[in-house]
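In what follows, a single structure is set out as structure tokens and then discussed.
The values are calculated or read from the model by the stated rules, or taken from the named source; none is laboratory data. All values reported here derive from a predicted model rather than from experimental measurement. Methodologically, a virtual Cβ is constructed for each residue, glycine included, from the backbone with ideal geometry; neighbour enumeration extends over all protein chains shown. Side chains are part of the model used for accessible areas, which takes the heavy atoms of the whole protein and leaves out ligands, DNA and RNA. Shrake-Rupley method; radii C 1.70, N 1.55, O 1.52, S 1.80 Å.
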Amino acid sequence: MDKENTLYIDLKDGRVVIEMRPDLAPRHVAQIKKLAREGKYDGVVFHRVIDGFMAQTGDPTGTGTGGMGETLAAEFSKEPHTRGAVSMARTSDPNSARSQFFIVFKDSNFLDGQYTVWGRVTSGMEFVDRIKKGAGQSGSVSAPDRMVKVQVAADAG
């Protein structure tokens, strides 16, 4: 395990381990690491969770309209959006990602080539599966689950 490119996300039910892929998305991985090291993701909610699709987080306002860090140009690749893929959320502008990201619950290949994949869950997907699901097509979550702590493995004690 490359600890510099491993991200730990502690949820209420357990730890999710993500292998970050700077070979696919170097600017996105750098921003995720910077925000994690600054503690910016700690306590942030999963504001949009669609059962059978994905869980989205990374907005400090918890509304889906906010973000942190610089706006990033897309780093699309051929990496597929299969179960456990971690990818950046964005607006309709492909070059608008900042801090929001999502983890897919099941293969979602219709996203391939349109969103920047920057990592993959290597363990703890069962904890991702337990994140409180939202309502309706929007997946908006009332009283959403939070990321307790997010840290780069190289910095973990």
Complete set of residues in the range 18-29 that are in a strand (DSSP E or B) and either under 18 Å from Val44 (Cβ atoms) or at pLDDT below 95 (or both): Ile18, Met20
Subset of the range 102-156 [free of Cβ contacts under 8 Å to residues at least 40 places away in the same chain, assigned to a strand (DSSP E or B) and closer than 15 Å to Arg83 by Cα]: none
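Taking into account only those residues within the range 1-17 that are charged (D, E, K, R) and assigned to a helix (DSSP H, G or I), which is surrounded by the fewest Cβ atoms within 10 Å (Cβ to Cβ)? Quick ask: steps written out before the conclusion?
Within the range 1-17, the subset charged (D, E, K, R) is 2-4, 10, 12-13, 15.
Now narrow it down to the ones that are assigned to a helix (DSSP H, G or I): 3-4.
On the way: Lys3: 11, Glu4: 13.
Selected residue: Lys3.
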Of the residues in the range 1-25, how many are closer than 19 Å to Thr116 by Cα and out of contact with any strand residue (DSSP E or B) (no Cβ under 9 Å at 6 or more places or on another chain)? 1
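Mind telling me which of the residues Gly39, Gly69 ends up being farther than 17 Å from Trp118 by Cα, open to solvent by less than 70 Å² (accessible area, probe 1.4 Å) and outside any strand (DSSP E or B)?
Details: Gly69 fails: farther than 17 Å from Trp118 by Cα.
Matching residue, one of Gly39, Gly69: Gly39.
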Tell me yes or no: at least one residue of the range 113-133 is open to solvent by less than 10 Å² (accessible area, probe 1.4 Å), of a type in the set (Val, Ile, Thr), under 15 Å from the mean Cα position of the chain (by Cα) and under 20 Å from Gly67 (Cα atoms). yes
